[in-house]
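Any read-out appearing in this document is the output of simple, stated calculations on the displayed coordinates, not a laboratory observation. Values in this document were obtained by computation on a predicted structure and should not be read as measured data. Cβ coordinates were reconstructed from backbone atoms using ideal geometry, including for glycine residues, and neighbour counts include every protein chain displayed.
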Amino acid sequence: MKKLFATLALSSMGLMAQNTEHTSHDNSCSCNESHNISHYAPAGVMGAHVHKKGEWMIGTRSMFMEMDGLRDGTNRVSNNKAHKDYMVLPKDMKMQMHMLDVMYGLNDDWTLTLMVPWVRYSMNLNRRMTMMGTTTDTKFKTRNEGLGDIKVGSIYRAYDDGDEQVLLGLTLNLPTANFDEESNTPMRDDMRLGYPMQIGSGTWDLIPSIVYNKFYTNWSWGTKLEATIHTGENSEGYRRGDKLTYNLWASRELNPVLALNSRVEFNAWEDYRGDDDNLEPMSGMNPVADADLRGGKDASFFAGFTWKTCSKSRVQFEAGMPFYQEIDGPNLEKDLTVNVNFLYSF
Ligand SMILES: [Cu+2]
């Protein structure tokens with residue numbers, strides 16, 4: 001224990017020394033951050049840093065995702081082929097999430113976090129009917145927009161020697177978003193939207209995470225393992241599948257205000273348990289209504305940058321594509337994801 005305290009004391013002295021150095025060559029704005037521009041995790045990784053005592057961070061994080069085309073397992077499936085089994089099929093989907101991100105350093109070891117998302121989904125679908133040798137396709141669109149599930153959490157700095165850092169996070173997902181939205185469709189009005197179009201989980205969810213950061217003078221790498229554990233069953237009678245997310249990234253300084261970063265992300269998520277009574281009768285007609293076709297795994301590669309617009313604010317951008325997908329299907333596969341952050345600390 002004594003040794004740990006000594007290491008911590010030494011490393012904080014080291015950080016202070018770094019700080020003075022930093023301030024001396026960066027006199028455009030006052031700066032109390034010890035971070036090199038390459039020491040931030042990429043845009044799509046949240047909760048991979050802590051703040052100093054009394055320090056606030058406020059910002060927005062936006063995610064844009066496009067899904068296009070069908071996949072069953074690891075194989076692409078044409079809509080024509082999938083229509084042999086299903087009357088209605090999704091064609092593509094656009095997802096947007098804009099989050100208000102607030103962090104506050106309770107002390108140097110504990111940081112509190114709050115995330116308030118606004119979510120917007122739209123999905124194009126096709127209904128195919130064959131009657132007396134005549135096939136009719138009817139295209140239609142469904143939309144859902146609203147407040148997402150609000151997340152509150154904390155990050156604990158479990159180990160930090162200045163070069164290496166271990167952070168333990170625990171976030172609680174509050175069931176604030178809708179999960180029983182309906183829409184008019186060619187089949188009938190006020191039809192329950194499919195599972196991927198519902199914004200909220202409807203359950204209280206726990207999101208534990210562990211982060212390891214390794215800092216060098218002008219670059220860093222880090223890794224984060226995160227689980228989303230849904231508890232109980234929502235009022236529609238189901239529970240979303242638990243999810244595991246693993247990230248590995250590296251960031252390198254190009255100049256004092258710009259760093260390039262890249263990362264790989266792996267996801268694995270389970271099927272739902274139970275089902276929504278309003279969707280169950282349609283599960284044989286449209287895969288988005290089937291609670292047993294929700295699981296999958298994927299791996300994506302992202303590249304982007306962190307730009308320090310002032311010593312206290314930064315802009316982050318990254319774009320990524322999956323290089324592996326295995327999903328219960330036929331269901332929509334992921335295409336492009338773009339993350340954009342504007343973050344300000346004070
Ligand atoms: Cu922060």
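For helix 2-25, report the angle its Cα long axis makes with the longest principal axis of the Cα atoms of the chain; keep it between 0 and 90° and round to the nearest 10°.
Rounded to the nearest ten degrees, it is 90.
Could you calculate the FRET efficiency of His98 with Trp307 from 1/(1 + (r/R0)^6), where r is the beta carbon distance between them and R0 is 25 Å, rounded to 0.05?
E between His98 and Trp307, to the nearest 0.05, is 0.80.
With just the Cα atoms defining each centre, how far is the stretch 125-174 from the stretch 230-300? Give it in Å.
Spelled out, the Cα-based centre of one part sits 6 Å from the other.
Between Asp68 and Leu248, how high is the FRET efficiency from 1/(1 + (r/R0)^6) when r is the Cβ-Cβ distance and R₀ = 35 Å? Nearest 0.05.
Computed FRET efficiency for Asp68 and Leu248: 0.85.
Gaussian network model of the chain, Cα springs within a sub-10 Å range: biggest mean-square fluctuation belongs to which of Gly284, Gly304, Gly169?
Per the Cα network of the chain with a 10 Å cutoff, Gly284 tops the list.
Would you list which lysines come within 26 Å of Lys334, measuring only between C-alpha atoms, while excluding same-chain residues fewer than 8 positions from it?
Cross-link targets: Lys81, Lys84, Lys91, Lys94, Lys139, Lys141, Lys151, Lys224, Lys243, Lys297.
So what's the back-of-envelope 222 nm ellipticity for the chain, counting only DSSP H runs of four-plus at -39500 (n - 2.57) apiece and dividing by all residues, rounded to 500? If you can, show how the numbers build up before the last one.
Details: 2 runs with 28 residues, N = 346.
Per the formula, -2500 deg cm²/dmol.
Starting from the Cα gyration tensor of the chain, take the square roots of the eigenvalues, sort them a ≥ b ≥ c, and report rounded, prolate or oblate (rounded when a/c is under 1.5, otherwise prolate if a/b is larger than b/c, else oblate).
Prolate shape, in that a/c is at least 1.5 and a/b is the bigger ratio.
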